[in-house]
Amino acid sequence: MTFLGMALSLPLIALALALAALPVWLAAKVLGAGQSQLWRAMLALVVATALSLVAMLFTGLWSLLLVPAIFVIVFAKTLEMSYLGAFVLCILAVAFQVVINKFMAGVFA
């Protein structure tokens, strides 16, 4: 990849990360997380995704149980909330993602 290609793709990667972290951030705001800044939501999402990929490489089928637990633990620690709150955050973030997808589908249709 050329330098120009990499320079042009980095803002797109940042935009994709911000759009992926938006539902997590909104859910953290709604639930009143101790740290509910957008950059903390991005950090939690990146760390949880990286740990989940490593877990999937080494645990095989057990990753179906391990990956949700990883997301709950990372969200609880990074966003400073309880484990039950982080579990609800995961569910609420999925719901927000569905709403955002429906909105974007309507805008770009």
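The values are calculated or read from the model by the stated rules, or taken from the named source; none is laboratory data. This is a predicted model, so every value here is computed, not measured. Using ideal geometry, Cβ is built from the backbone for each residue, glycine included, and neighbour counts are taken over all protein chains shown.
Among the candidates ALA76, ALA93, ALA44, which residue alone is touching a Ser or Thr at 6+ places or on another chain (Cβ under 8 Å), small (Gly, Ala, Ser) and closer than 18 Å to LEU17 by Cα?
Checking each option against the conditions leaves just ALA44.
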Item to complete: Go over the candidates ALA21, ALA33, ALA27 one by one and state the one that is surrounded by 15 or more Cβ atoms within 10 Å (Cβ to Cβ) and in contact with an Asp or Glu (Cβ under 9 Å, 6 or more places away or on another chain).
Response: ALA33
Worksheet item: Can you spot a residue in region 78-87 that is part of a helix (DSSP H, G or I), among the charged types (D, E, K, R) and surrounded by fewer than 19 Cβ atoms within 10 Å (Cβ to Cβ)?
Response: no
Worksheet entry | Enumeration of residues in region 32-76 that are among the hydroxyl-bearing types (Ser, Thr, Tyr), closer than 21 Å to ALA14 by Cα and in a helix (DSSP H, G or I) | THR49, SER52
Worksheet item: Pairs under 8 Å by beta carbon, first residue on the phi > 0 side of the Ramachandran plot and at pLDDT below 95 in region 62-81, partner buried (at least 20 other Cβ atoms within 10 Å of the Cβ) and not in a helix (DSSP H, G or I), six or more apart or different chains?
Response: GLU80/ALA33
Worksheet item: Does LYS29 fit the bill of being assigned to a helix (DSSP H, G or I), closer than 19 Å to GLN97 by Cα and out of contact with any helix residue (DSSP H, G or I) (no Cβ under 8 Å at 6 or more places or on another chain)?
Response: yes
